[in-house]
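Novice: The structure follows.
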Amino acid sequence: MHVHGAPAYTYRRIIISGSAALATLEERIDAVESRAKISELRSAYARFASSGNAYGVASLFTEDCVFDGPMGAGKGRGIINGNKALGDFLAPQIGKIGAVLPLISNEIIKVDGDTAKGWCLMQTPMAPGFGALVCEYFDECVRIDGKWYFAKRTMFLFQPVYEERPANYAQMEPTGR
């Protein structure tokens, strides 16, 4: 059942003779389990960050990951390639216990086999020098040997400074539908 004009939400569709059919039960169960694992991946990110473990955070990313986000106060946006470089970048920022306390919410996760895209909000009330820090993440995840990792993470700030969004912001995945 769905609201008039809004598409029915499914984890994955399979095209059979020109019509869409729900995925198999096995695929649907895998999608539900994958959503839970990706949510746990985000929670592990928050736990490593709150415990000051920058390299623990980096271990949740693929070796060839891409992090696209703010580079620090007054430094604008930038891209970090690779989980080693990400750990080096994060170490001075979250390298002590209690520097941040990420609270993850409003998760959307779309699973397609061994890849997934998602979105979530993050708030941390203890960001030193900033007061509260509020941002959103657009995630691209990949499953390698049965384990989920961040392949790309794009971060936009809401607070302490609202970052202008790119022109294609409204079309960025996922929409949740």
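Novice: Kindly put Val66, Val57 in sequence by how many other C-beta atoms sit within 10 Å of each C-beta, fewest to most.
Specialist: The fewest-first ordering by Cβ neighbours comes to Val66, Val57.
Novice: Which entries of Lys84/Lys117; Lys110/Lys152; Lys96/Lys147; Lys75/Lys96; Lys75/Lys152 show an alpha-carbon separation above 25 angstrom in the structure shown?
Specialist: Listed pairs above 25 Å: Lys96/Lys147.
Novice: For a label point 7 Å from the Cα of Ile144 along Cα→C-beta, name the residues of the stretch 52-66 whose backbone N is under 12 Å from it.
Specialist: Output list for this probe position: 59-66.
Novice: Taking the dipole about the Cα centre of the stretch 24-167, with the C-beta of Lys and Arg at +1 and of Asp and Glu at -1, give me whichever of Gln93, Ile104, Ser59 is farthest to the positive side.
Specialist: Looking along the dipole axis, the top candidate is Gln93.
Novice: Still on this structure, I have one more. Once amide H atoms are placed 1.01 Å from N in the peptide plane, what residues at a sequence separation of 5 or more from Cys65, or on another chain, have their amide H within under 5 Å of its amide H?
Specialist: It is Gly82, Asn83, by chain and number.
Novice: For the pair Ala170/Glu27, report the inter-label distance in nm, with labels modelled 7 Å from Cα in the Cβ direction.
Specialist: Label at Ala170, label at Glu27, 3.1 nm between them.
Novice: Also, quick follow-up: Percent relative contact order of the stretch 28-177, based on C-alpha pairs within less than 8 angstrom and at least six residues apart?
Specialist: Across the stretch 28-177, relative contact order equals 22 percent.
Only the coordinates and a few stated rules stand behind these numbers; no lab work does. Note that the structure is predicted; figures quoted are calculated from it, not measured. FYI the Cβ positions are ideal-geometry reconstructions off the backbone, even for glycines, and counts take in every protein chain you see.
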